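Any read-out appearing in this document is the output of simple, stated calculations on the displayed coordinates, not a laboratory observation. Given the structure is predicted, the values throughout are model-derived calculations rather than measurements. Note that we place each Cβ from the backbone using ideal geometry, even for glycine, and neighbour counts take in every protein chain shown.
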Amino acid sequence: MWFNFEQNHALQDCLLLAVLLLFPHTYTNAVTCPLVSRGPYLQIPSQTGITIRWQTTTNSLSAIIYRSIDSRTFTEPAEHDATQRGRDHEARITGLSPGRVYLYLLQSAREHSYGVEACGGNFTTSPLLGSGLSLRLWAIGDSGHSNEYQAAVKHAYLLQSGYKLTDAVLVLGDLAYDGGYEAEMDTSFFGSYQDLMSWIPFWTALGNHDVFNGLDPYPYYQLLTLPTEGEAGGHPSGTEAYYSFDLGQVHVVCLDSMDSVHRGTMAEMLAWLDQDLAAFRAAGAATHWLIAFFHHPPYSKGSHDSDVKVEMTRMREEVVPRLELAGVDLVISGHSHGYERSFLLKAFYGDSSTWSPVQHQMDGGSGNPSHGEMYVKGATQDDGKEGTVYVVCGVSSEPKHYGTFDHPAMAASVQGEPGSLLIDVEGNILSVKFINASGDMRDHFAICKGEFYRISDILLTLHL
């Protein structure tokens, strides 16, 4: 049933009340979209814009209306270009204000007017560059099996996260097993996370299973919209294979550890990475934290061995030195189906036999703030306190029970337990927790940059 949404304020308020029940205090999408078969889902949020994608059940013209949460007036359809006639739709909304919540609803063409689908969501534009607002990220790796493990991992994270808004999800590759086909993406990725994707942006890295379909282009690139021109901050990459974005005081770099190795594009990616990291360093205190994520981990003795796998070796030898030169704080990967987490490391570019605690270990403690062993770095690289923590989390849908899990660079390892990462950024403290599918915190570490506050203040900040 179609209706004139703008002229029916009572119905507008009822619909908006239903939509508001979604944000951010509940994690279920109670509003269904009978004419929408995929989505809506958020892509490339920035300080002033966002992309929204969706798929309709039949070929149609479709568009988005939106408004800020403190306004009662939605945009007119004429103010926002309708997408092409077809099933797959994509709309870029621009001219927004930083750090503000907006509501949106889908529209589909009906004769000479538009009607409103009873579905939509909300989104929050990125905060101003350098903003010290607290942030929460969720990282999932190898999540591409639509099974009981995947569902339990998501449920456990949401219980642990409580009512705090998740600002972004980092997906560490292997979105859909076994080959990343469109039908598998619909089942294992969109179908499993749609209740979150309508209001939380998902940022993705390419995994080996995402390319096994051998199609050109991969469904991964057809179904996702990733930045190529620095739309969300960072240096333009010219490709969706690798990119970067800014989120308040955090600069995030996503790299391609698959095709860069097997299709000979590593040199181009490294050239872009050098430019992006140079811009990050030039920004100074505006971006206080640097996080990188990609599929193949540089260090692992889980279900895959970083001493022998070519993708893992090349990322360690060619990418890690560049990231560390820029002062990277946290590197997250998947692929190896276990949980492994390093000490605070520096300049460890060889295989495991070349490990030297004296040379490579900046801090040999647990990093656990509740034990008084939080890792401490300088506020700037000039302070002389450097180091990076490397995390492998390839267990968000398929844990493996084989592998030695004895890499000497690792401070903690968990074998055979599905889980995900809860990442909090609170000013000069970055905290990472590994939450298993039962909701238990199986590992916790934190990095403090600059002044080291009293432990009681830190514990209070981290809600321990």
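Just a few scattered comments:
- For Gly233, the amide hydrogen comes within under 5 Å of the amide hydrogens of Asp246, counting only partners 5 or more places away or on other chains and with H modelled in the peptide plane.
- Surrounding net charge for Ala409, when Lys and Arg each add one and Asp and Glu each subtract one, Cβ distance under 14 Å: -3
- Given Lys301/Lys449; Lys309/Lys385; Lys154/Lys449; Lys301/Lys346; Lys346/Lys449, the pairs whose alpha carbons are separated by over 25 Å: Lys301/Lys449; Lys309/Lys385; Lys154/Lys449
- As a proxy for reagent exposure, ranking Arg316, Arg442, Arg263 by other Cβ atoms within 10 Å from fewest up yields Arg263, Arg442, Arg316.
- Near Gly99: Cβ cut-off under 15 Å, other residues only, Lys/Arg at +1 and Asp/Glu at -1. The net charge is -1.
- Overall shape: rounded for segment 135-461, with the ratio a/c of the largest to smallest alpha carbon gyration tensor axis below 1.5.
- Within-10-Å neighbourhood charge of Tyr220 [Cβ basis; K, R +1; D, E -1]: -3
- When DSSP beta bridges are restricted to pairs lying wholly in segment 135-461, around 60% turn out antiparallel.
- Mean projection of the Cα convex hull over all viewing directions, computed for segment 216-271: 4.2 nm².
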